[in-house]
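K.L.:
The structure under discussion is supplied below as structure tokens; questions concerning it will follow.
The values are calculated or read from the model by the stated rules, or taken from the named source; none is laboratory data. This one's a predicted model, so the numbers in the text were calculated from it and none came from an experiment. Counting neighbours? That spans all protein chains shown, and the Cβs are built from the backbone with ideal geometry, glycine included.
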Amino acid sequence: MFFDTHAHLDAFAADGSLEAVVSAALAARVSRLAAIGGSPAADDFAFAFASAHPGFAVATAGLDRDQIGSADLPALRERASRDAVRAIGEFGLDYHYGPDTRREQRALAEGQLELALALAKPVVFHSRDATEDTLAALGEFSRQWHANGFPGPCGVLHCFTLDRATAETLMSLDFFVSFSGILSFLNADPLREVARALPLSSLLVETDSPYLAPRPHRGRRNEPKFAARVAEVLAETRGEPLEAVASATFANACTLYRIQPNQGTET
């Protein structure tokens, strides 16, 4: 069984394909997924989907970088306090697309890290071209998380594309590292070297649907069913049996999202 730890399902609902996408995921043995929020509308959709599929999906709630200027943290707290919401996110720092909003991004991220501490919920963090500020923010979050005696892990850096040293720092802070379809790309040899070197106990797989479809599906809309392909690439990269990688990443995801590691599915 596979666990897609990061999927944006809104687009599938919008075009009427969501039911077929869920069926295809189950047929591919993707028996769990995290429906990711990042805006008030996305949070509400993720919560509704997880509530309707309690044995299949969990939800997250957050304010992503495009919410700068309209962010309402008290309203986010209400959304994030719901039982089906197992993590705060997606949010983070992206200086590639938003270099002029660094200060605002940091302020929004810090507010959500404080909320995660208040609710004792892990975080789903995005980072691009912002490694130094990311590690500083997550390092302080990790320190406070453990000072409060909260059970680990603190969260995940999703769609990981950084170097081994960064990954090892994240692991020392009690964060998971999650690989997406990028791991299969032809120019991703350095990333595969990182994936090969890290302990399996710290790894997750995701699709980031509907983006970043893995090879040989590049150019197509990504779907949760392709989490199985990401796990397959990870297993091939590490020279390990697929079932071992699937089992370990599934268990890791259940630990992150604080759910029982049963592999039954209710849809």
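K.L.:
Taking the conditions exactly as written (part of a loop (DSSP other than H, G, I, E, B) and either modelled with pLDDT of 95 or more or closer than 29 Å to R221 by Cβ (or both)), does F125 satisfy them or not? Give the steps one after another, and end with the answer.
P.N.:
Details: part of a loop (DSSP other than H, G, I, E, B): no; either modelled with pLDDT of 95 or more or closer than 29 Å to R221 by Cβ (or both): yes.
Spelling it out, it is not the case that F125 is part of a loop (DSSP other than H, G, I, E, B) and either modelled with pLDDT of 95 or more or closer than 29 Å to R221 by Cβ (or both).
K.L.:
Is it fair to say P216 is without any contact (Cβ under 8 Å) to a residue 12 or more places away in the chain and over 23 Å from T255 (Cβ atoms)?
P.N.:
Details: without any contact (Cβ under 8 Å) to a residue 12 or more places away in the chain: yes; over 23 Å from T255 (Cβ atoms): yes.
Yes, satisfied.
K.L.:
Next question, about the same structure. Hey, among the residues in region 207-254 that are closer than 14 Å to R29 by Cβ and among the charged types (D, E, K, R), which one's surrounded by the fewest Cβ atoms within 10 Å (Cβ to Cβ)?
P.N.:
Restricting to residues being closer than 14 Å to R29 by Cβ and among the charged types (D, E, K, R), the top hit is E243.
K.L.:
Also, quick follow-up: Select, from F150, F91, F125, F160, the only residue that is of a type in the set (F, W, Y) and over 14 Å from the mean Cα position of the chain (by Cα). Break it down stepwise before answering.
P.N.:
On the way: F91 fails: over 14 Å from the mean Cα position of the chain (by Cα); F125 fails: over 14 Å from the mean Cα position of the chain (by Cα); F160 fails: over 14 Å from the mean Cα position of the chain (by Cα).
The conditions single out F150.
K.L.:
Just to be sure I understand, how many residues within region 27-83 are buried (at least 19 other Cβ atoms within 10 Å of the Cβ), of a type in the set (D, E) and not in a helix (DSSP H, G or I)?
P.N.:
1
K.L.:
Of all residues in region 128-180 being in a helix (DSSP H, G or I) and charged (D, E, K, R), which is nearest to L108 (Cα to Cα)?
P.N.:
Filtering region 128-180 down to residues in a helix (DSSP H, G or I) leaves 131-147, 164-172.
Filter once more, so that each one left must be charged (D, E, K, R): 132-133, 140, 143, 164, 168.
Working: E132: 17, D133: 13, E140: 15, R143: 19, R164: 27, E168: 26 Å.
Among them, the one singled out is D133.
K.L.:
Consider region 84-122. How many of its residues are outside any helix (DSSP H, G or I) and of a type outside the set (A, V, I, L, M, F, W, C)? Break it down stepwise before answering.
P.N.:
Step one: of region 84-122, the residues outside any helix (DSSP H, G or I) are 84-98, 120-122.
Checking which are of a type outside the set (A, V, I, L, M, F, W, C) leaves us with 86, 89-90, 92, 94-98, 121-122.
Residues in region 84-122 being outside any helix (DSSP H, G or I) and of a type outside the set (A, V, I, L, M, F, W, C): 11 in total.
K.L.:
Taking the criterion of being out of contact with any helix residue (DSSP H, G or I) (no Cβ under 8 Å at 6 or more places or on another chain), surrounded by fewer than 24 Cβ atoms within 10 Å (Cβ to Cβ) and within 24 Å of D72 (Cβ to Cβ), would at least one residue in region 113-129 satisfy it?
P.N.:
Scanning region 113-129, I find at least one residue that is out of contact with any helix residue (DSSP H, G or I) (no Cβ under 8 Å at 6 or more places or on another chain), surrounded by fewer than 24 Cβ atoms within 10 Å (Cβ to Cβ) and within 24 Å of D72 (Cβ to Cβ), so the answer is yes.
Yes/no matrix, rows are residues, columns are (1) farther than 28 Å from P224 by Cβ; (2) within 18 Å of the chain's Cα centre (by Cα); (3) modelled with pLDDT of 95 or more:
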residue: R65; (1), (2), (3): no, yes, no
residue: G111; (1), (2), (3): yes, no, yes
residue: A116; (1), (2), (3): no, yes, yes
residue: T134; (1), (2), (3): no, yes, yes
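K.L.:
What number goes with the only condition from (1) more than 23 Å from A246 (Cα to Cα); (2) surrounded by fewer than 24 Cβ atoms within 10 Å (Cβ to Cβ) that F141 does not pass?
P.N.:
It is condition (2) that F141 fails.
K.L.:
Still on this structure, I have one more. Looking at region 242-258, can you tell me whether even one residue there is part of a loop (DSSP other than H, G, I, E, B), in contact (Cβ under 8 Å) with a residue 24 or more places away in the chain and hydrophobic (A, V, I, L, M, F, W, C)?
P.N.:
Restricting attention to region 242-258, the residues satisfying the condition of being part of a loop (DSSP other than H, G, I, E, B) are 257-258.
From what's left, in contact (Cβ under 8 Å) with a residue 24 or more places away in the chain: 257-258.
Narrowing further to those that are hydrophobic (A, V, I, L, M, F, W, C): none.
Within region 242-258, not a single residue is part of a loop (DSSP other than H, G, I, E, B), in contact (Cβ under 8 Å) with a residue 24 or more places away in the chain and hydrophobic (A, V, I, L, M, F, W, C).
K.L.:
Quick one: A13 ticks every box in (1) free of Cβ contacts under 8 Å to residues at least 60 places away in the same chain; (2) touching a Phe, Trp or Tyr at 6+ places or on another chain (Cβ under 8 Å); (3) buried (at least 21 other Cβ atoms within 10 Å of the Cβ) bar one, so which box is it?
P.N.:
For A13, the failing item is (3).
K.L.:
A further question follows. Between a residue in region 130-153 that is closer than 14 Å to M171 by Cα and of a type in the set (V, I, T) and any residue that is modelled with pLDDT of 95 or more and surrounded by 15 or more Cβ atoms within 10 Å (Cβ to Cβ), which pairs come within a Cβ distance under 8 Å, given they are 6 or more apart or on different chains?
P.N.:
T134/G92; T134/L93; T134/F125; T134/S127; T134/L157
K.L.:
Within region 129-137, is even one residue touching a Pro at 6+ places or on another chain (Cβ under 7 Å) and not small (G, A, S)?
P.N.:
Our first condition is that a residue be touching a Pro at 6+ places or on another chain (Cβ under 7 Å); within region 129-137, this holds for none.
Within region 129-137, none of the residues are touching a Pro at 6+ places or on another chain (Cβ under 7 Å) and not small (G, A, S).
K.L.:
Determine if region 190-200 includes at least one residue that is within 25 Å of T60 (Cα to Cα), at pLDDT 95 or above and part of a helix (DSSP H, G or I). Steps first, please.
P.N.:
Within region 190-200, the first condition is being within 25 Å of T60 (Cα to Cα), and the residues that meet it are 200.
Narrowing the set further to residues that are at pLDDT 95 or above leaves 200.
Subsequent filtering for residues that are part of a helix (DSSP H, G or I) retains 200.
Within region 190-200, one or more residues are within 25 Å of T60 (Cα to Cα), at pLDDT 95 or above and part of a helix (DSSP H, G or I).
K.L.:
Here is a list of conditions, (1) at pLDDT 95 or above; (2) in contact with a helix residue (DSSP H, G or I) (Cβ under 9 Å, 6 or more places away or on another chain), and R218 meets all of them except one; can you say which number that is?
P.N.:
So R218 meets the others, but not (1).
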